[in-house]
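Note sheet for the following structure.
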Amino acid sequence: MRQSGNQKYVILGIFFLVALVYVIRLFYIQVINDKYKLSATNNVVRQIIEYPSRGLIYDRNGKLLVYNEAVYDLMVIPRQVKDIDTAEFCTIIGIDKQDFLKSFEKARNYSRVKSSVFAKQLSAETYAVLQEKLYKYQGFYVQPRTLRKYPAKIAAHTLGYIGEVDEKTIEKQPYYKSGDYIGISGIERSYEPELRGQRGVRVVMVDVFNREKGSFANGAFDTIAIAGQNLVTTLDLDLQMLGELLMHNKIGSVVAIEPSTGEILALISKPDYDPNLLVGRVRSKNYSQLLSAETKPLFNRAMQAYYPPGSTFKLVNALVALNEGIITKNTVFPHSFVVGSKSVRCHGHPPGISLEGAVQYSCNPYFCNTFRSFIDSRKYHDPENGYKKWREYVLNFGIGRKIGVDLPHELSGLVPSVEYYDKLYGSGRWRASTIYSLGIGQGELGVTPLQMANIVSIIANRGTFYTPHIVKKIAGQPNTTRELDELHQSGVKAEYFDVVQDGMQRVVEAGTARIARFGETIICGKTGTAENPHGEDHSLFVAFAPRENPKIAIAVMVENAGFGATWAAPIASLMMEQYLTDSITRPELYNRIANGNLMPDHLKSKPKPADKPKVPGLQGPQAVLIKEE
């Protein structure tokens with residue numbers, strides 16, 4: 001009996017303890033914690049998200065590239081909407097009744113009691129009119145937002161654009177909520193965490209007429225929005241603008257790099273688009289049009305297009321052979337390269353040229369023989385081992401692998417593997433004579449313009465390079481968030497670059513790129529004409545200047561434009577002159593290049609007078625040189 005009595009007290013004690021917990025919890029909810037009071041009074045208070053200002057983006061000289069413009073989202077709580085004049089309401093925000101009903105039904109399906117976006121991105125003018133009459137429309141309120149604006153209308157692929165988050169992003173990244181914006185491409189995507197900032201919340205009281213009556217609980221539940229961090233890019237606005245003008249009505253790309261730092265000075269892909277087209281309420285319509293355009297303006301050719309590097313690759317072929325002792329600067333080869341019934345012959349130049357002359361005159365047989373001597377050398381025992389060694393060097397020059405630029409969607413290019421050729425020709429059934437076209441930058445090689453510019457940076461630096469990058473500084477941080485200070489080695493000794501640079505200097509002073517000369521600046525360059533099986537050959541040119549303490553390395557690719565000296569070399573030369581001297585002294589050359597139209601007739605476009613910016617460095621009547629067609 002005594003044990004039964006003890007059990008009774010234990011059971012009563014448990015009930016008492018549970019009751020005490022409930023009483024304490026109710027006291028905490030109703031008296032101590034105002035959070036639940038806030039939830040209980042949500043019919044008279046409203047939570048307004050304070051979206052932070054997205055970080056601004058500047059060029060290397062502090063010129064503004066991207067800023068924010070205020071817009072307003074019209075929000076709705078369907079349950080609170082009663083007896084409104086839909087005709088007047090639709091007139092104010094610029095929609096018809098059918099659009100009204102469609103948007104309202106969508107909001108109601110989402111939630112009858114939670115707010116959602118009814119109309120996105122109203123202009124400041126529309127907001128001003130609506131704000132005066134908003135008291136008439138119970139259940140509606142305005143949510144401030146910002147949109148990106150691009151004052152210079154340039155560098156669309158590099159700067160990128162933002163868009164609304166999708167469900168997958170929300171699932172993976174809890175920070176984001178429906179209706180938030182996120183960087184989709186370019187810098188906006190790569191530096192999204194730094195640019196976006198941190199949202200805040202403002203809790204306000206409203207009356208029965210939907211009018212704000214001040215902060216709730218004196219702002220005790222408000223959180224402050226933290227603005228995104230500003231970015232200083234490595235781009236030079238004037239150089240980027242000039243490059244885009246010179247590439248008008250052409251297909252191709254230009255990439256310019258500061259060799260000593262890896263900073264990208266200009267990154268141009270043509271055709272392109274005005275970045276303001278992918279902003280605001282017209283973004284979806286414009287994106288669809290750009291996506292279906294025949295010229296592929298959304299395609300970033302600077303980082304995503306593979307091209308055969310043509311004769312520009314002869315520089316790499318020479319350097320790796322020098323480093324392995326396959327050739328010396330004094331090596332001389334026959335004037336022809338014969339493979340079975342095929343024969344590769346040289347252009348008209350003096351007989352018995354050594355390496356420097358071979359670079360100057362771009363001698364195809366010389367570099368085919370160099371390639372064969374490397375691959376078939378007995379020191380590697382068999383061609384497969386020779387090719388593996390050669391390919392290892394080429395990969396060290398940043399070809400066939402991603403460089404690691406701080407922009408999304410970079411592609412690696414292509415340097416075929418031994419396995420690729422084994423599958424194509426059969427194991428042990430191929431030699432250097434089978435794939436000799438690689439020695440002159442043809443065949444299966446695929447190189448992006450970014451990689452071409454990096455190669456010439458390596459040559460300018462005599463064998464080293466820093467990772468090419470587009471952001472110079474993040475506000476509030478001593479350096480960028482990425483590891484960019486590591487110095488990469490090409491594997492070729494510095495002593496072997498002198499003879500190649502000598503040859504490149506002679507290319508400009510007395511070779512195929514004499515058109516690239518300007519002033520007293522010593523320029524080292526190399527033209528290329530890349531074979532194109534689908535049409536006219538591509539025009540290529542790579543260069544750096546000045547030779548001592550180089551400030552700029554550049555690669556230009558113009559599709560279907562013929563010889564490298566015709567289009568690519570002048571474009572590079574004009575851009576180098578502008579960057580190094582802050583002037584352009586050859587207006588006739590500028591006029592020819594800027595007005596040159598290499599597009600098919602049905603794709604040719606005409607510049608509008610309002611869109612013709614002044615050319616940096618030119619004054620007076622030469623300031624605007626693009627003529628009306």
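The values are calculated or read from the model by the stated rules, or taken from the named source; none is laboratory data. Here the structure is a predicted model, which is why all the values come from computation and not from measurement. Ideal geometry is used to build each Cβ from the backbone, glycine not excepted, and the neighbour counts take in all protein chains shown.
Before moving on, here are some points about what is shown:
- Here LYS329 does not fit the description of being assigned to a helix (DSSP H, G or I) and among the charged types (D, E, K, R).
- Taking the listed residues ILE184, ILE224, the one that is in contact (Cβ under 8 Å) with a residue 60 or more places away in the chain and β-branched (Val, Ile, Thr) is ILE224, with no other qualifying.
- All positions within segment 236-292 that are in contact with a Lys or Arg (Cβ under 8 Å, 6 or more places away or on another chain) and either among the acidic types (Asp, Glu) or on the phi > 0 side of the Ramachandran plot (or both): ASP236, GLU244, ASN249, GLY252, GLU258, GLU263, ASP274
- Elements of type helices (runs of 4 or more DSSP H) contained in segment 106-202, each with 3 or more residues being over 25 Å from GLY62 (Cα atoms): 124-133, 167-172
- Qualifying residue in segment 77-89 (condition: on the phi > 0 side of the Ramachandran plot and out of contact with any helix residue (DSSP H, G or I) (no Cβ under 8 Å at 6 or more places or on another chain)): yes
- Out of ASN300, ASN317, ASN230, sole residue that is touching a Gly at 6+ places or on another chain (Cβ under 7 Å) and under 18 Å from ALA453 (Cα atoms): ASN317
- Of the residues screened, SER103 is one that is out of contact with any helix residue (DSSP H, G or I) (no Cβ under 9 Å at 6 or more places or on another chain) and either hydroxyl-bearing (Ser, Thr, Tyr) or closer than 30 Å to GLY243 by Cβ (or both).
- Selected residue (only one of GLY441, GLY400, GLY426, GLY386 is assigned by TED's automatic domain parsing to the domain that holds THR312 and under 15 Å from LEU315 (Cα atoms)): GLY441
- Scanning segment 232-239 for any residue that is over 30 Å from SER583 (Cβ atoms) and not β-branched (Val, Ile, Thr) turns up nothing.
- When ALA124 is tested against the conditions (1) modelled with pLDDT of 90 or more; (2) surrounded by fewer than 17 Cβ atoms within 10 Å (Cβ to Cβ), the lone failure is (1).
- Every condition in (1) closer than 22 Å to LEU235 by Cα; (2) at pLDDT below 95 holds for ILE470 except the one numbered (2).
- Subset tally (residues that are in a helix (DSSP H, G or I) and either surrounded by fewer than 18 Cβ atoms within 10 Å (Cβ to Cβ) or not β-branched (Val, Ile, Thr) (or both)) for segment 359-404: 28
- Residue match in segment 68-81 (condition: touching a residue at least 40 places away in the same chain (Cβ under 8 Å) and either under 20 Å from the mean Cα position of the chain (by Cα) or outside the structural domain of TYR191 (by TED's automatic domain parsing) (or both)): yes
- Of the strands (runs of 3 or more DSSP E) lying entirely inside segment 203-300, those carrying at least 1 residues that are surrounded by 16 or more Cβ atoms within 10 Å (Cβ to Cβ) and modelled with pLDDT of 95 or more are 231-233, 252-258, 263-270.
- Looking only at residues of segment 559-582 that are modelled with pLDDT of 95 or more and aliphatic (A, V, I, L, M), we find that the one that is farthest from LYS526 (Cα to Cα) is LEU580.
Yes or no, residue by residue, for (1) assigned to a strand (DSSP E or B); (2) more than 22 Å from VAL359 (Cβ to Cβ); (3) not charged (D, E, K, R):
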site	(1), (2), (3)
THR529	yes, no, yes
HIS534	no, yes, yes
PHE541	yes, no, yes
ASN549	no, no, yes
ILE554	yes, no, yes
SER573	no, no, yes
ILE584	no, yes, yes
ILE593	no, yes, yes
LEU598	no, yes, yes
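- Subset of segment 336-354 [in contact (Cβ under 8 Å) with a residue 24 or more places away in the chain, within 11 Å of TYR366 (Cβ to Cβ), aliphatic (A, V, I, L, M) and out of contact with any strand residue (DSSP E or B) (no Cβ under 6 Å at 6 or more places or on another chain)]: none
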